[in-house]
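Chemist: The structure's right below; bear with me while I get my questions together.
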Amino acid sequence: MKEIVAIIRPNKMTRTKEVLAALGFPALTACKVLGRGKQKGLAGEVSFPLGPELVQEEGGMRYVPKRLVSLVVEDEDVPLVVGAITKVNRTGAIGDGRVFVCPVEEAVRIRTQEQGTAAIM
Amino acid sequence: MKMIRAIVRPEKAEDVVDALAAAGYVALTKMDVVGRGKQKGIQVGSIYYDELPKVLLMLVTEDENVAEIVEIINRAAYTGNFGDGKIFVSPVEEAYTIRTGSRGL
């Protein structure tokens, strides 16, 4: 099993959920986060107008609001899910986000005590 | 690659972020969390706090930078009291940049 942790634009969240659900991965955890990348937070990444003092400052914003999406899938589904997330969220502009794939050793469904694959199906 | 998750005091979070940026690690994700440690919360007078607000900083880096980053966070987040937080390092197998679709950090 692998955990896929994706940091994406908040306005792509609905579409990402739709596509993942259509592919058969309806279960996910999402969280509102703040973050920045190599560019140290760019002004102009958010849709609302910023004050001139923010735009002038080096790097612009300290943090940019993002959405963190996390889901656990079987090893063989990793390329499919990563591909889907990448495709939906790509705009080509800086700030599209990142996808991380981390190993997961065990999963347990609390309601039924199922373990491993059964727990995430 | 490794994912470093640091749970730090909210008032120290900006110090940690600035210290990391000064060392060249600018990319990170921050979220507000609540939690408790071994001390099971805190008792202040007659009031018992079960969940304490903390800030979780998450960054992914190459293996060789882990020791340096942990050291920076340790130094910047330190007060010497209970509740300074914890740092967790976990493996990451792959990373993709969505904008380019390329693999790696």
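Chemist: Just the residues that are in contact (Cβ under 8 Å) with a residue 40 or more places away in the chain and not in a strand (DSSP E or B), please, taken from the range B:46-77.
Modeler: Matches in the range B:46-77: B:62, B:63, B:65, B:66, B:68, B:69, B:70, B:72, B:73, B:75, B:76, B:77.
Chemist: Taking the conditions exactly as written (modelled with pLDDT of 90 or more, under 16 Å from the mean Cα position of the chain (by Cα) and more than 14 Å from chain B (Cβ to nearest Cβ)), does residue A:12 satisfy them or not?
Modeler: For residue A:12, the condition - modelled with pLDDT of 90 or more, under 16 Å from the mean Cα position of the chain (by Cα) and more than 14 Å from chain B (Cβ to nearest Cβ) - is not met.
Chemist: Sort out which residues of the range A:85-101 are touching a helix residue (DSSP H, G or I) at 6+ places or on another chain (Cβ under 9 Å) and under 21 Å from residue A:33 (Cβ atoms), and write them in order of number.
Modeler: If the condition is that a residue be touching a helix residue (DSSP H, G or I) at 6+ places or on another chain (Cβ under 9 Å) and under 21 Å from residue A:33 (Cβ atoms), then A:85, A:88, A:89, A:91, A:96, A:97, A:99, A:101 are the ones that fit.
Chemist: In the range B:87-105, is there at least one residue being in contact with a Phe, Trp or Tyr (Cβ under 9 Å, 6 or more places away or on another chain) and more than 11 Å from every other protein chain (Cβ to nearest Cβ)?
Modeler: No, the range B:87-105 contains no residue that is in contact with a Phe, Trp or Tyr (Cβ under 9 Å, 6 or more places away or on another chain) and more than 11 Å from every other protein chain (Cβ to nearest Cβ).
Chemist: Can you confirm whether residue B:44 is modelled with pLDDT of 95 or more and over 24 Å from residue A:8 (Cα atoms)? Walk me through how you get there before you give the answer.
Modeler: Numbers: modelled with pLDDT of 95 or more: no; over 24 Å from residue A:8 (Cα atoms): yes.
No: the conditions fail for residue B:44.
Residue-wise test of (1) facing chain B (nearest Cβ under 7 Å); (2) part of a helix (DSSP H, G or I); (3) on the phi < 0 side of the Ramachandran plot.
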residue: A:67; (1), (2), (3): no, no, yes
residue: A:70; (1), (2), (3): no, no, yes
residue: A:83; (1), (2), (3): no, yes, yes
residue: A:86; (1), (2), (3): yes, yes, yes
residue: A:95; (1), (2), (3): no, no, no
residue: A:100; (1), (2), (3): yes, no, yes
residue: A:106; (1), (2), (3): no, no, yes
residue: A:111; (1), (2), (3): no, no, yes
residue: A:118; (1), (2), (3): no, yes, yes
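Chemist: Can you tell me which residue in the range A:15-35 is nearest to residue A:70 (Cα to Cα), limited to those that are among the aliphatic types (A, V, I, L, M), away from chain B (no Cβ under 14 Å) and more than 11 Å from the chain's Cα centre (by Cα)?
Modeler: We begin by selecting, within the range A:15-35, every residue among the aliphatic types (A, V, I, L, M); these are A:19-23, A:27-28, A:30, A:33-34.
The next check asks that each one be away from chain B (no Cβ under 14 Å); those that pass are A:20-23, A:27-28.
If we keep only those that are more than 11 Å from the chain's Cα centre (by Cα) as well, we get A:20-23, A:27.
Numbers: A:20: 12, A:21: 14, A:22: 17, A:23: 16, A:27: 9 Å.
By that ranking, first place goes to A:27.
Chemist: Further, regarding this structure: Is it the case, given these coordinates, that residue B:12 is surrounded by 14 or more Cβ atoms within 10 Å (Cβ to Cβ) and either within 14 Å of chain A (Cβ to nearest Cβ) or closer than 16 Å to residue B:83 by Cβ (or both)?
Modeler: Taking the combined requirement at face value, the residue satisfies it.
Chemist: If you go through the range B:78-93 one residue at a time, how many are under 20 Å from residue A:104 (Cα atoms) and part of a strand (DSSP E or B)?
Modeler: Counting residues in the range B:78-93 that are under 20 Å from residue A:104 (Cα atoms) and part of a strand (DSSP E or B) gives 5.
Chemist: Considering only the range A:95-115, state which residues are farther than 13 Å from residue A:3 by Cβ, surrounded by 14 or more Cβ atoms within 10 Å (Cβ to Cβ) and not charged (D, E, K, R). Write out each step before concluding.
Modeler: Taking the range A:95-115 first, the residues farther than 13 Å from residue A:3 by Cβ are A:95-98, A:108-115.
If we keep only those that are surrounded by 14 or more Cβ atoms within 10 Å (Cβ to Cβ) too, we end up with A:95-98, A:114.
If the condition is that a residue be farther than 13 Å from residue A:3 by Cβ, surrounded by 14 or more Cβ atoms within 10 Å (Cβ to Cβ) and not charged (D, E, K, R), then A:95, A:97 are the ones that fit.
Chemist: Continuing with the same structure: Kindly list the number of the only condition in (1) in a strand (DSSP E or B); (2) without any contact (Cβ under 8 Å) to a residue 60 or more places away in the chain; (3) surrounded by 15 or more Cβ atoms within 10 Å (Cβ to Cβ) that fails for residue B:3.
Modeler: That leaves (2) as the condition not met.
The values are calculated or read from the model by the stated rules, or taken from the named source; none is laboratory data. Small disclaimer: the values here were computed from a predicted structure and weren't measured. Virtual Cβ from ideal backbone geometry, glycine too; neighbours counted across all protein chains shown.
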